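Colleague: What follows is a single structure, and I will ask about it in a moment.
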Amino acid sequence: MGEKRKGNPEYLAYGLNHIAMIMDGNGRWAKRRGLPRLAGHKQGVETVRSVVEECGDIGIPFLTLYSFSTENWQRPVNEVQGLMDLFLESIDRFGPELHKKRVRVRFIGRREGLPESLIRQMGGLEQLTEKNTDLTLNLALNYGGRDELIRSFLRFLNDASRPANGLNEAVFRTYLDTGHQPDPDMLIRTAGEKRLSNFLLWQVAYSELWFTDTLWPDFTVEHLHDALNDFVSRKRKFGGLG
Ligand code: IPE
Ligand code: IPE
Ligand code: MG
């Protein structure tokens, strides 16, 4: 794995610039082993690590990972607290490694409501990695698609230098959390559910969807390549005739 595929344009030639992932199934993975749910989240971080590394090696320009939704606050307080601690710990542990791999990390979602210490760490990692030019990794944390749309519209309204001739799709998309990034070409969801769960509602308008029953902690780079190989066989038409 790794070096051999570095910068391999195989998938990129098919227009695969951005992959989005709904990392689901951590709780079920733990439950099946008689472990607390948090053990599944911890194992899930290991999957994140290998997926980020592989996407970097392949040369995928953008990867967006759904880490915590605006609805996940409804979970028991000990799980939410455990997740916040895990995010903090993971930034500490893997931040330098991501920087070394020239990954540019961005957090999308609502900062407000997250613990102050975590907000500081997030900002620190963004600053540390902002000039990196390999993979851009968007971590969706306290993210909801509807919340993003409202925040984006408010940003537009509050922007004194917004284009005078009004709002259109090309202008509006630049106010989204994903800014000037291309839309995801493929959306992967693990653990069998076939729904969006409020993820990237605007951006996935024409994404190719790929689902697997595999739980996120069991998801490997082989599964990722299954998804990518499926992607290259798809015929995208964008409403035209393809
Ligand atoms: C996804 O795994 C991680 C988060 C939502 C934070 P889940 O925790 O939703 O796992 P399941 O769906 O309960 O198995
Ligand atoms: C979506 O998973 C959110 C993340 C993966 C962070 P959920 O497990 O929260 O989604 P639902 O509740 O099954 O729709
Ligand atoms: Mg779930």
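Colleague: Can you tell me how many residues in region 49-90 are free of Cβ contacts under 8 Å to residues at least 40 places away in the same chain and buried (at least 19 other Cβ atoms within 10 Å of the Cβ)?
Modeller: Qualifying residue count for the region: 0.
Colleague: If I filter region 109-127 for residues that are closer than 18 Å to MET23 by Cα and within 16 Å of ligand 1 (Cβ to nearest atom), do I get at least one hit?
Modeller: yes
Colleague: All but one of (1) out of contact with any Ser or Thr (no Cβ under 6 Å at 6 or more places or on another chain); (2) surrounded by fewer than 18 Cβ atoms within 10 Å (Cβ to Cβ); (3) free of Cβ contacts under 8 Å to residues at least 60 places away in the same chain hold for SER152, so report the exception by its number.
Modeller: Unmet condition: (2).
Colleague: A follow-up question, please. If ASN142 satisfies every condition in (1) farther than 23 Å from GLU97 by Cβ; (2) surrounded by fewer than 19 Cβ atoms within 10 Å (Cβ to Cβ); (3) touching a residue at least 24 places away in the same chain (Cβ under 8 Å); (4) of a type in the set (S, T, N, Q) but one, which is the exception?
Modeller: It fails just one condition, (2).
Colleague: While we're here: Are there any pairs, at least 6 apart or on different chains, whose C-beta atoms fall under 9 Å, with the first in region 12-36 and under 19 Å from LEU139 (Cα atoms) and in a strand (DSSP E or B) and the second within 16 Å of ligand 1 (Cβ to nearest atom) and among the charged types (D, E, K, R), and if so, which?
Modeller: MET21/ARG189; ILE22/ARG189; ILE22/GLU193; ILE22/ARG195
Colleague: Of all residues in region 16-31, count the ones that are within 16 Å of ligand 2 (Cβ to nearest atom) and either surrounded by fewer than 18 Cβ atoms within 10 Å (Cβ to Cβ) or more than 13 Å from the chain's Cα centre (by Cα) (or both).
Modeller: Counting residues in region 16-31 that are within 16 Å of ligand 2 (Cβ to nearest atom) and either surrounded by fewer than 18 Cβ atoms within 10 Å (Cβ to Cβ) or more than 13 Å from the chain's Cα centre (by Cα) (or both) gives 7.
Colleague: Taking region 115-133 as the search range and keeping residues that are of a type outside the set (S, T, N, Q) and buried (at least 17 other Cβ atoms within 10 Å of the Cβ), which one is farthest from the chain's Cα centre (by Cα)?
Modeller: By that ranking, first place goes to LEU118.
Colleague: Separate question: Quick one: would you say GLY144 is more than 22 Å from SER50 (Cβ to Cβ), touching an Asp or Glu at 6+ places or on another chain (Cβ under 8 Å) and not aromatic (Phe, Trp, Tyr)?
Modeller: Taking the combined requirement at face value, the residue satisfies it.
Colleague: Continuing with this model, one more query. So which of GLN181, GLN203 ends up being of a type outside the set (A, V, I, L, M), away from ligand 3 (no atom under 16 Å from the Cβ), touching a His at 6+ places or on another chain (Cβ under 7 Å) and not in a helix (DSSP H, G or I)?
Modeller: GLN181
Colleague: On to the next question. Given the conditions (1) in contact with a strand residue (DSSP E or B) (Cβ under 8 Å, 6 or more places away or on another chain); (2) within 14 Å of ligand 2 (Cβ to nearest atom), report the number of the one that TRP216 does not fulfil.
Modeller: Unmet condition: (1).
Results for (1) away from ligand 3 (no atom under 16 Å from the Cβ); (2) touching a Gly at 6+ places or on another chain (Cβ under 9 Å), shown as yes or no for each residue.
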{"residue": "LEU83", "(1), (2)": "no, no"}
{"residue": "VAL103", "(1), (2)": "yes, yes"}
{"residue": "ARG111", "(1), (2)": "yes, yes"}
{"residue": "MET122", "(1), (2)": "yes, no"}
{"residue": "TYR143", "(1), (2)": "no, yes"}
{"residue": "PHE153", "(1), (2)": "yes, no"}
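Every number in this text was worked out from the coordinates using simple rules, so none of it is lab data. A quick note: this is a predicted structure, and the numbers were derived from the prediction, not measured. Ideal geometry is used to build each Cβ from the backbone, glycine not excepted, and the neighbour counts take in all protein chains shown.
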